[in-house]
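Everything below concerns the one structure shown next.
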Amino acid sequence: MFILSIDTSCDDTCISIIKSKKQKAKSKNTNFEILSNVVSSQVKVHAKYGGIVPYLAKREHQKNLAMVFKKTLAKSKIQNPKIIDFIAVTIGPGLEPCLWQGINFAKNLANDLKKPIVPVNHLEGHILANFLKPINKSLKSKTFKIFPAVGLVVSGGHTELFLMKNIGKYKLLGETRDDAAGECLDKIARILNLEYPGGPAIAQLADQWKLKTLNPKLKIQNSKPSIKLPRPMIYQKNYDFSFSGLKTAVLYLTKKIGPTKLKDPKIKANICFEVQQAIIDVLISKTIRAAKEYKVKSILIGGGVSANKELRKQFKLKLTINNLQLNFLAPPKKFCTDNAAMIGIAGYFGFLRNKQKPPEKIKAKANLML
Ligand code: KG4
Ligand code: ZN
């Protein structure tokens, strides 16, 4: 089965073609071949604003979609697009004018090719990106049991924790009450005069600080960070998050430090380390508490922030230290940030659940919930 998928929910124009190797309903060990996965990034367009400007993002999608489609077909070596079984497209959540660009493109294509469309939730795409690689090897148990699981989507627009009874059966446990984790990283990067997107820039400086302060002989940190930032809502007995207070704390801190001292790369690196660690502490603590409460078999993470090396490392470490026999799944890094292959896989599972619709029924839903 060939699936063409499109995502224009935010600032990347993404089109992919994947091939599923098994079609049986409820079969979780389907293998997927990614024939092409083209991402046309708009980072350069938005970088000078320190965040995404919706009308510019829409304009770029409009400009890029046909070219990205051509490139996707060429890379997949598909001569005739009629071979495609259906089109999967993100209908939300996301920036509404951007979503419509992808949807309208999908509709025209579906009408031309006479194929159905499977509407996809972008957040489901992020978490199901975990199935883009064969995952048997990473599972603790030989019997293939992933579910029930706890899913954590951490991206630029979302921080959501949910219970996954199975693919397609989700219950929201908690979400951010204000800024998403990635949004917080992007805003703090802007305060610190770092480049956009902020997550990778902050991670890089955090790594530098860690290396500088690491005692090479003892392999432990010999000095605690002199800067201490809050871990918002970490002790609250719910699964909600809040990151805007962390951003405000950094703003006050930088004002206190003053612009001259802030030029010291060591101080900046120390702030980055502490910001990253504060976010990691909250994400890990709440996710593991949910995993214990709901007695799940696995933790699945996804979204741009899940590409963070320290987050992935510390999740695994925490599970080992606490002797928790849980599977921990994180997508390959290139499938953490926005891409259309993840929409293809979510579309595939949607197709198995008969979610396909005629093109005229497909609409953008900017605030779509999982
Ligand atoms: O999932 P994504 O590509 O787009 C949305 O759906 O929002 O996530 C983008 C977010 C940005 O906020 C970016 O700063 C963050 O993911 N990000 C990272 C890393 N790579 C991207 N955050 C921390 N560490 C990274 N390595
Ligand atoms: Zn995303």
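Rule-based calculations on the coordinates, nothing more; no lab input. Only a predicted model underlies this, so the values are computations on that prediction, with no experimental measurement involved. Here the Cβ positions follow ideal geometry from the backbone for every residue, glycine too, while neighbour counts run over all protein chains shown.
Assign unit charges at the C-beta atoms only (+1 for Lys and Arg, -1 for Asp and Glu), then state the dipole size of the chain relative to its Cα centre in Debye, rounded to the nearest 20. Please report the intermediate quantities before stating the final value.
Details: 63 positive and 25 negative charges, 253 e Å.
That gives a dipole near 1220 debye.
How big is the antiparallel share of DSSP beta bridges in the chain, given as a percent to the nearest 5?
60
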Practice item. For every helix of n ≥ 4 consecutive DSSP H residues, a contribution of -39,500 (n - 2.57) applies; sum these over the chain, divide by its total residues, and give [θ] at 222 nm rounded to the nearest 500 deg cm²/dmol. Key: -13000 deg cm²/dmol
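Could you compute the FRET efficiency for Arg289 and Lys309, with r as their C-beta to C-beta distance and R0 at 30 Å, rounded to 0.05?
Once the sixth-power term is evaluated, E becomes 0.80.
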Review point. When DSSP assigns beta bridges and you keep just the ones with both residues in the stretch 1-92, what percent turn out antiparallel, to the nearest 5?
Key: 80
Revision key, fill the gap. The extension gain from Val45 to Ile234, computed as 0.36 nm times the residue separation minus the Cα-Cα distance, is 64.5 nm
**Study point:** Top positive-direction residue, dipole computed over the chain with Cβ charges, set Leu211, Leu319, Leu253
**Key:** Leu319
Review point. What angle, in degrees between 0 and 90 and rounded to the nearest 10, separates the Cα long axis of helix 181-191 from the longest principal axis of the Cα atoms of the chain?
Key: 50
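On full extension of the chain, what length is gained from Asn367 through Leu324, given 0.36 nm per residue of separation minus the C-alpha to C-alpha distance? Write down the numbers at each step before the final one.
Working: separation 43, 0.36 × 43 = 15.48 nm, distance 3.49 nm.
Contour length minus Cα-Cα distance gives 12.0 nm.
Assuming a ≥ b ≥ c are the square roots of the Cα gyration tensor eigenvalues, decide whether the stretch 85-124 counts as rounded (a/c under 1.5), prolate (otherwise, with a/b larger than b/c) or oblate. Let's see the in-between values first.
Details: a/c = 4.38, a/b = 1.55, b/c = 2.82.
Oblate, since a/c reaches 1.5 and b/c is not below a/b.
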Check your understanding: Angle, helix 265-293 long axis vs. longest principal axis of the chain, Cα atoms, 0 to 90°, nearest 10?
Key -> 60
Check your understanding: Taking 0.36 nm per intervening residue step and subtracting the Cα-Cα distance, what contour gain separates Leu172 from Leu56 on full extension?
Key -> 38.6 nm
**Study point:** Principal axis dimensions, largest first and in whole angstrom, of the chain by Cα
**Key:** 63, 48, 37
Practice item. Show me 232-239, 83-90 ranked by packing, highest mean number of other Cβ atoms within 10 Å first. Key: 83-90, 232-239
